[in-house]
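Written out below as structure tokens is the structure these notes cover.
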Amino acid sequence: MIAHDYLTQRGGAERVVLAMLTAFPDARIVTSIYDAEATYQEFRNCDVQTSWLSKVSAFRRDPRRALALLAPTWSATHIDDADVVICSSTGWAHGVRTQATKIVYCHNPARWLYQADEYLSGAGPVTRAGMKVLRPSLRAWDQRAARSATTYLANSTVVADRIATTYDVEAEIVHPPSAISTGPVEPIPGIEPGFLLTVGRSRGYKNTGAVAHAVRDLPGERLVAVGGVPHGDWPARIRGLNDISDSQLRWLYRNADALVACAYEDFGLTPIEAYSVGTPAVVLRAGGYLDTSVPGVTGEFVATAEPADIASGIRRFRQSSYSTSAIETHGKSFSVDEFAAKLRNVVLKSYLAGPLIA
């Protein structure tokens, strides 16, 4: 059984759930909210069980609107017909009730509770006031949910450190895989190879706007931003794209000169997706990128997410050369098969060992 916060977008956490299904193809998925049109179409072939929240169209469009309801909904969700439950969680699914072995694959401790300033970047005063009221009760619920786990897994070193600080739990690191490198490739009309690429929702901590500002200050560069760019007066050489297919994304990775990834990511799948096809990256020296990127081999690090630092990193990239084969070899070390094998091993060990968290 796999429990996942909500299936309402095409993001990295949802790709990890698909990789989990590679390890356990017959697993049922339990989630709070499911929008088949908004997430990966592969889930349509799965047995997906939802809560009552999924019936509310406003919640399907944006699960954050259900913030005050998600904790009690997950607490009311019981799984009684499984030997092992794997919780893919950024703050909710680990609260599912079960007597089975519970393994929490933690993408990050709840950002809105423990990294609130970062998460609420750009949020209005009403949202901030609401979170201030809810935070004490949600923290108490979150701590209880964490203590119900048998085993904690982290997707990166930085997340393992946060789990230790937040829950006083030592988590094993199992890096997510790249699952985008193989499959059909579809060109996107009007885009010529040789561009810079950034991939991520246009949200505060993703720093898409900072990347766009950096490229705007580099007259010879073009940027394709999958997930869109913030509202503004951007030149034609900065193009935002939404609702692209995986085959189109593969074409973008293969035809970009480099990926620019400057989000504050807990792991960050996009660099290893680029590396798996031999494309270098300019990445922020922070978060999960520290686990996945090798300066001078896979590309360049930048010190901060300020446009000037990003622009400097792009200039250094343009002045350097990289081995496509070395980048591709590095990227393929983050394979779905390796992830599935590690996850199966953790499940077996946890099931045989019984509860490890008091």
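The values are calculated or read from the model by the stated rules, or taken from the named source; none is laboratory data. In this text, all values refer to a predicted model and were calculated from it rather than measured experimentally. We place every Cβ from the backbone using ideal geometry, glycine too, and count neighbours over all the protein chains shown.
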* Of all residues in the range 12-47, which are of a type in the set (Gly, Ala, Ser) and closer than 13 Å to SER89 by Cα? -> GLY12, ALA13, SER32
* Sole exception among (1) assigned to a loop (DSSP other than H, G, I, E, B); (2) under 21 Å from SER333 (Cα atoms) for GLY228, by number -> (2)
* Report yes if ALA149 is in a loop (DSSP other than H, G, I, E, B), surrounded by 21 or more Cβ atoms within 10 Å (Cβ to Cβ) and within 15 Å of the chain's Cα centre (by Cα), otherwise no. => no
* From the list ALA263, ALA274, which residue is under 23 Å from the mean Cα position of the chain (by Cα), surrounded by 19 or more Cβ atoms within 10 Å (Cβ to Cβ), part of a loop (DSSP other than H, G, I, E, B) and in the same structural domain as ASP217 (by TED's automatic domain parsing)? -> ALA263
